[in-house]
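Read through the structure below, which is laid out as structure tokens, and then see the notes.
The values are calculated or read from the model by the stated rules, or taken from the named source; none is laboratory data. As the structure is a computational prediction, the values presented were derived from the model and not from experiment. Cβ atoms come from the backbone with ideal geometry, glycine included; neighbour counts cover every protein chain shown. The area values use the complete protein model at the heavy-atom level, side chains included, leaving out ligands, DNA and RNA. Shrake-Rupley method; radii C 1.70, N 1.55, O 1.52, S 1.80 Å.
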Amino acid sequence: MRLDALPLSLVLSLLIRVSVDHALAAPSWLGQPSSLPSRGLHIPLLRRAVARRDDDELGRWAKQQKQYVEAKYGRPGSTTSKRSTGYNLLVNQGLDSSYYGSLAVGTPAVAYNVILDTGSADFWLIDSTCTQNCDGLPVFNPSSSSTFTNGSKAFSITYGSGQATGTLATDVVQMAGFEVNNQVFALCSQISSGLLASPVSGLMGLGWQSLSSSGATPFWQSLYEGNVWDEPVMAFYLTRFLNESNVNAEEPGGVFTMGTTNTSLYTGQIDYQSVPSGSVNYWTLPLTNLSVGSSSVTLPSGSSSYAAIDTGTTLIGGPATQVAALYALIPGSSPGTGNYEGYYTFPCSTTIDVTLSFGGKTWSISQDDFKMAQLSGSQCLGAVFAYSGLGNGDGPAWIVGDTFLKNVYTVFRANPPSVGFATLAADAQSSVARLGVPTATIGAVSASVTGSGTGRTLQNAALPHAIPRFAALLLCALSASSFYLL
Ligand SMILES: *[C@@H]1O[C@H](CO)[C@@H](O)[C@H](O)[C@H]1NC(C)=O
Ligand SMILES: *[C@@H]1O[C@H](CO)[C@@H](O)[C@H](O)[C@H]1NC(C)=O
Ligand SMILES: *[C@@H]1O[C@H](CO)[C@@H](O)[C@H](O)[C@H]1NC(C)=O
Ligand SMILES: *[C@@H]1O[C@H](CO)[C@@H](O)[C@H](O)[C@H]1NC(C)=O
């Protein structure tokens with residue numbers, strides 16, 4: 001498809017509806033307290049004196065009684081919350097540029113679409129005061145929620161592709177069948193051009209609290225700390241449409257789960273690698289190998305090869321030296337210029353098997369993803385670009401975005417902090433595509449917790465923390481030039 005045949009603004013303003021599918025209610029361990037069972041209390045004691053065998057029986061009985069009471073009134077130290085799992089069907093927006101899901105805010109709950117971003121840790125929505133770059137986007141209306149409170153503190157976050165500023169607030173937030181009361185979030189009155197495209201109203205950060213600009217506990221982390229998940233995990237499967245020729249602005253995007261993984265979407269074991277201690281802010285993993293075919297790029301050791309695993313970034317960014325070394329392994333490649341500064345081009349006819357390793361495991365990037373676009377002629381643009389980092393050396397060296405994540409099933413595990421990858425099921429894409437582009441529903445809540453952390457003021461926020469989001473930049477580049485998609 002020739003992309004410049006479609007005005008981007010038109011493509012992106014097509015209406016999309018998203019669905020939230022809700023968790024099955026977890027079995028509740030805890031019934032209403034009632035009187036303790038008294039039946040049979042004497043019998044085992046009497047039998048105890050009679051025979052050894054009866055001693056065993058008493059043991060079994062005693063154990064049973066203990067379990068019964070513990071189950072009924074809660075084991076010491078265990079949570080009394082019910083445990084659960086939930087999932088959310090995603091939308092793939094703008095040819096694998098971004099992936100969004102939906103959540104609901106307020107009382108009564110109203111649904112909004114948000115980009116799901118593991119590379120930042122703040123949740124924000126635009127509100128009715130937003131006049132800058134919010135045209136046509138659905139906005140949050142504080143006056144229609146009876147549980148809304150104004151935090152009256154300034155909020156600002158900077159992404160590579162723009163900025164969002166506003167004020168902090170709290171309200172009830174629901175997603176994937178979970179609810180957090182008193183969730184701190186920001187209502188933004190100004191956002192940079194291109195940061196959001198209709199029908200998306202904001203962004204849900206899924207990184208750790210230490211990364212958050214507001215200082216508030218992220219939605220996911222309140223759920224994890226509130227012990228309401230079956231397992232301390234969030235997982236993503238992201239679809240690929242870059243390889244197709246007739247693509248809509250919105251396509252089925254994949255599945256996001258909380259509290260569990262979706263076993264129909266991957267095969268074999270999940271290979272977990274630890275987030276290095278001291279780097280639990282992004283979902284950080286050391287990149288251990290980067291290769292083209294059987295030739296490898298020499299990677300520096302330690303934090304100079306740390307990578308943020310980031311669902312909110314479209315492509316893969318890395319240090320200029322190693323990115324140059326990567327393309328040096330691709331015959332006929334050359335550095336891009338102008339809009340393509342930092343990118344590289346190479347003949348589309350080249351067969352390229354780029355792999356990334358985390359720990360001992362190696363994962364391939366499909367050519368469909370690596371050959372991000374065909375320029376006029378026979379040159380292709382590579383999806384790995386040189387990125388100059390966050391400037392002050394405190395950010396990750398690499399940003400591993402959707403170009404890679406479309407090729408694996410990804411699990412973000414809170415305890416112990418780690419990220420796992422697994423091989424996709426062969427029918428993952430067809431099973432999700434069959435479901436169509438999801439439509440918004442609010443649904444029932446299966447478990448809820450109370451949020452914590454009031455948020456610090458803007459002045460104290462350690463900015464810039466957030467990772468660049470390249471979707472907007474990429475889309476601008478695409479719309480500004482004559483491009484052919486593969
Ligand atoms: C919240 O308070 C701030 C400052 O006190 C004010 O500027 C803003 O308009 C308020 N927002 C809402 C939604 O009431
Ligand atoms: C594009 O990639 C998806 C995901 O791997 C696959 O299901 C689909 O068949 C591919 N389409 C083409 C035309 O190769
Ligand atoms: C890196 O990966 C390549 C290709 O899979 C392999 O040949 C090489 O031995 C690996 N290097 C290291 C240091 O693991
Ligand atoms: C798992 O993924 C399938 C698509 O293969 C989807 O139909 C199903 O609803 C998902 N279930 C959960 C619990 O995520």
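Couple of notes before you dig in:
- Any hit, region 421-441, residues being assigned to a loop (DSSP other than H, G, I, E, B), of a type in the set (S, T, Y), within 15 Å of ligand 4 (Cβ to nearest atom) and under 22 Å from G254 (Cα atoms): yes
- For region 111-147, the candidate set comprises residues that are small (G, A, S) and part of a loop (DSSP other than H, G, I, E, B); within that set, the residue that is farthest from F236 (Cα to Cα) is S146.
- Within region 219-249, the set of residues being touching a Leu at 6+ places or on another chain (Cβ under 7 Å) and away from ligand 4 (no atom under 15 Å from the Cβ) comprises W220, F241, L242, N243, V247, A249.
- Filtered residues of region 145-198 (kept if of a type in the set (S, T, Y) and over 18 Å from S128 (Cα atoms)): T158, Y159, S161
- Under the condition of being under 17 Å from G119 (Cβ atoms) and surrounded by fewer than 19 Cβ atoms within 10 Å (Cβ to Cβ), the residues counted in region 304-317 number 1.
- When we screen S210, S214, S277, S245 for residues that are of a type in the set (S, T, N, Q), surrounded by fewer than 20 Cβ atoms within 10 Å (Cβ to Cβ) and within 28 Å of A186 (Cα to Cα), the only hit is S210.
- Test: residue in region 307-315 that is more than 16 Å from ligand 2 (Cβ to nearest atom) and either part of a helix (DSSP H, G or I) or more than 16 Å from the chain's Cα centre (by Cα) (or both): no
- Residues that are open to solvent by 80 Å² or more (accessible area, probe 1.4 Å) and small (G, A, S), drawn from region 126-154: S143, S146, S152
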